[in-house]
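One structure is given here, and the rest of the page talks about it.
The values are calculated or read from the model by the stated rules, or taken from the named source; none is laboratory data. Source: prediction; values computed, not measured. Here the Cβ positions follow ideal geometry from the backbone for every residue, glycine too, while neighbour counts run over all protein chains shown. Accessible surface areas use protein heavy atoms only, side chains included; no ligands, DNA or RNA. Shrake-Rupley method; radii C 1.70, N 1.55, O 1.52, S 1.80 Å.
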Amino acid sequence: MAMKMPTVQKCSVSDCAYNTEQACHALAITIGEKPSDPLCDTFFTSSKHGGIKEATAGVGACKSFDCSFNRDYECTASSIQVGMKQSQPDCLTFQRR
Ligand code: SF4
């Protein structure tokens, strides 16, 4: 079955090395630390900027199995948004099953 990688439509985590102007420039990100915790695993801080300026990140994998968009540890949403929630960078599109 062909599946399209969901895009990261917006990311407001401005102190991440991959972020410029509310956009994530990693090629793909991984979400989820635990089944119910949609943390962005790709987030990290660095004095050097990372990623590819022309690219908009996709969701390569998601371990948050408790989300209704999650199927076999892949995200089926058309796009997601990432932002700070309870002081951690989270997938804001997460919807508990
Ligand atoms: S919407 Fe759900 S399945 Fe998709 S990345 Fe976010 S937490 Fe994972």
Subject >> aspartates and glutamates whose Cα lies under 17 Å from that of LYS48, excluding same-chain neighbours fewer than 8 positions away >> reply: ASP15, GLU21
Subject >> Length added when fully stretched, ILE52-GLU74, from 0.36 nm per residue minus Cα-Cα >> reply: 5.6 nm
Original post:
Among CYS24, PRO89, SER47, which residue has its Cα positioned farthest towards the positive end of the charge dipole of region 7-91, with +1 placed on the Cβ of Lys and Arg, -1 on the Cβ of Asp and Glu, and the dipole taken about the Cα centre?
Top reply: SER47
**OP:** Describe numerically, in nm with one decimal, the distance between label points set 7 Å from Cα along Cα→Cβ at ARG97 and at GLU33.
**Re:** 2.2 nm
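With every protein chain left in place, what is the accessible area per residue of the chain in square angstrom, probe 1.4 Å?
Working: 6000 Å² over 97 residues.
Dividing the accessible area of the chain by its residue count gives 62 Å².
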**OP:** Evaluate the Debye formula for the chain with equal point scatterers sitting on the alpha carbons, no solvent, and hand back log10 of I(q)/I(0) at q = 0.11 Å⁻¹, in q order, two decimals.
**Re:** -0.27
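May I ask you to derive the FRET efficiency for LYS85 and LYS4 from their Cβ-Cβ distance with R0 = 22 Å, giving the value to the nearest 0.05? If you can, show how the numbers build up before the last one.
Working: r = 26 Å, r/R0 = 1.17.
The value I calculate is 0.30.
If you roll a 1.4 Å probe over region 7-91 with all protein chains in place, what percent of the accessible area is carbon or sulfur?
Details: 2350 of 4760 Å².
Carbon and sulfur: 49 percent of the exposed surface of region 7-91.
Tell me the net charge near THR20. Cut-off is 14 Å between Cβ atoms, THR20 excluded, with +1 for each Lys or Arg and -1 for each Asp or Glu. Intermediate values should be presented prior to the final figure.
On the way: positive: LYS10, LYS48, LYS53; negative: ASP15, GLU21, GLU54.
Every neighbour counted, the sum reads 0.
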Original post:
What are the lysines whose alpha-carbon lies under 26 Å from the alpha-carbon of LYS53, with same-chain residues fewer than 8 places away excluded?
Top reply: LYS4, LYS10, LYS85
**OP:** Run the dipole for the chain about the Cα centre, Lys and Arg Cβ at +1, Asp and Glu Cβ at -1, nothing else charged, and hand back the magnitude in debye, nearest 20.
**Re:** 140 debye
